[in-house]
Amino acid sequence: MRLHEAFLISILGAGMAAVWPAPGRAQLAMSNFLEARVGRDPEDTLADPSRFSRFDQLNADYSRDALRIGFRFEGYLPSDRPDLDYARFVRRYAGWTTPRFNALVGNYEAIFGRGLVLRAFELPGIVREEQETPQFGDSRDLDGVRLEVHGDRWTVLALQGAPRRADEDPRVERRLGSVAGTTAGFEVAEGVHAGANYLRIDTRSMEPGATREVAGSFLQLALEPWLQRLGVPKLVLDTYLEYDRVTGLTGTRSPNAPAGEGYGLYGSQTVFLDEVWPGLRGGLTWEYKDYQNFELGVNEPPTLVREHGFALLNRSTHVLLPGQEEGYQLEARFDYRNRVGLVANSSRAENARSLRFEERYVELSGHWRGASVTLFADEQEDRFESIGDRDTFGGSLLVPFRGVHSVEFQAETQESEIVAGTLRARYGDRYWSLTYGWAGRLSLAAVRQTTNDPDEIEDPRRRRAYDALTARMPFGGHHEVLATWGRRRGGLACVAGTCYKVRSFDGVAAQLTSRF
């Protein structure tokens, strides 16, 4: 046990003895995720083509009155690589919570502002697998101490801990580096919030740049109370601005920041009108970013790129480069009586080397008697990935029948042009899926994806196909089974504002999720 953990536990113990309330009802929540696979990873030529593997993740959370304790235990066992075996506690924590005070020792999540300075988080249900690593849960938490104090109009959060990288091998016992800092927010007036951030990042080495310091402030204006007093109750105006600066850097690359320094600037403005005219609601959001030498390793600034739910668009989006990136995102939304919806989005990102990402997206949807149809069109330019032009079209159709049954069809087509110097090459991707659903009982899906991307095929005259069948079924009120047979396409996947790489897989997989 670390010294700071023992110190805080002693404080908590003294506090519990002094203020422990009358015994309340204890609650124990548990969940388990189990996946078994038989098949091969096409990207790993050394792996057994019929590898069997098992991954298991057990979560337990116990609470009583103000006390909360819990843990996560993970294990992975492949049939052909004993060096990838592991079984260990990857998360454990103990906390004490009152209406004005919260203390926690162990693994925890935290965010400063909008994530420019610090964002420690996890992606529930996401299982990662990197080259030469076992499977593991996606957790980018901190391991240390977190204290939070609340007042009627203010909040102060202080923390210290060791960070975990998103791709960190779970067999590695020791986390590298530590962070310590605080963020505070105050309600200056009704609807006006201001705050400040400070974070110290230590790599625990004697090399130059071993210590970096980040400081900044933020301001949020929510003007609904003032607008209501002015007789405009259906208009929403929300403004947010944050600026943070980092010092102590070495090897900086951006010419837009002083040597050894960097900064992050983010701003957003939202306008929403509940009734443009009878039955019609609409809103507009504008966001701006300017990140220079601001890749801190523990932060996750807003990307300002639309996160798509359609398969081909989700895997071909832009990944933020906070070391040097400036840009904006503008999105408009309209809805008419929950029957017709329109979304229009435009985003752009650029750095000093004239590498640019641009995207324009339009979506039209309609809903009637439980049925829905969605059509979209998207145009991209992604010089970061040597894509001069990328056009994607598609949509989905959901039709319910006999009350609890439904059929959904999705289709997408994408054409991309590679631009590398004088080289010009085009390739296309196709996607379709057909899903039958029986509410609360069963869902069956067939998915087909094809491509002639030169990075994925050997013969340019032939297309590579990724076909899969899936079945999902809940049972017993606490369990759900998901079975998949076929080929999974590797590549980028984005969820909750962050992206990660999915590895290819060809075979059979079965997942069992249980909650108690």
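Please treat every number below as a calculation from the coordinates, not as lab data. Please read all numbers here as calculations on a predicted model, not as lab measurements. Every residue, glycine as well, gets a Cβ built from its backbone with ideal geometry; the counts of neighbours run over all protein chains shown.
So here's what we get for this one:
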{"item": "Full-extension gain in nm, TRP368 to GLN269, via 0.36 nm per residue minus C-alpha separation", "result": "32.4 nm"}
{"item": "For ASN452, net neighbour charge (Lys/Arg +1, Asp/Glu -1) across residues whose Cβ lies under 10 Å away", "result": "+2"}
{"item": "Amide H contacts of GLU122 (H built 1.01 Å from N, under 5 Å, at least 5 apart or other chain)", "result": "ARG140"}
{"item": "DSSP-assigned coil residues among GluC sites (Glu not before Pro) in segment 69-151, each with at most 14 further Cβ atoms within 10 Å", "result": "GLU109, GLU132"}
{"item": "Prolate/oblate/rounded call for segment 410-465, Cα gyration tensor, a/c under 1.5 rounded", "result": "prolate"}
{"item": "GluC sites (Glu not before Pro) within segment 448-495: DSSP coil, no more than 13 neighbouring Cβ in 10 Å", "result": "GLU458"}
{"item": "Förster radius 25 Å - calculated FRET efficiency between PHE186 and GLN27, Cβ distance, rounded to 0.05", "result": "0.15"}
{"item": "Nearest-0.05 FRET efficiency for LEU241 and ASP453, computed from C-beta distance (R0 35 Å)", "result": "0.30"}
{"item": "Karplus 3J(HN,Hα) series, Hz, for segment 165-170 with 6.51 cos²θ - 1.76 cosθ + 1.60 (x for Gly, Pro)", "result": "6, 5, 9, 6, 5, x"}
{"item": "Centroid-to-centroid separation of segment 395-452 and segment 299-330 [C-alpha atoms, Å]", "result": "22 Å"}
{"item": "Calculated FRET value between TRP277 and LEU444, using beta carbons and R₀ = 30 Å, to 0.05", "result": "0.10"}
{"item": "Per-residue [θ]222 nm for the chain (sum of -39500 (n - 2.57) over DSSP H runs n ≥ 4, rounded to 500)", "result": "-1500 deg cm²/dmol"}
{"item": "Shape call, segment 161-228: gyration tensor on alpha carbons, a/c limit 1.5", "result": "prolate"}
{"item": "Trypsin sites (Lys or Arg not before Pro) within segment 400-449: DSSP coil, no more than 14 neighbouring Cβ in 10 Å", "result": "ARG402, ARG441"}
{"item": "Segment ALA344-ASP169, length gained on full extension (0.36 nm per residue, minus Cα span)", "result": "59.0 nm"}
{"item": "Centroid-to-centroid separation of segment 41-77 and segment 196-256 [C-alpha atoms, Å]", "result": "35 Å"}
{"item": "Rough spin-label spacing in nm, given labels placed 7 Å along Cα→Cβ, for HIS479 and TRP226", "result": "5.8 nm"}
{"item": "Net length gained if the chain between TRP154 and ARG424 were fully extended (0.36 nm per residue, minus Cα distance)", "result": "91.5 nm"}
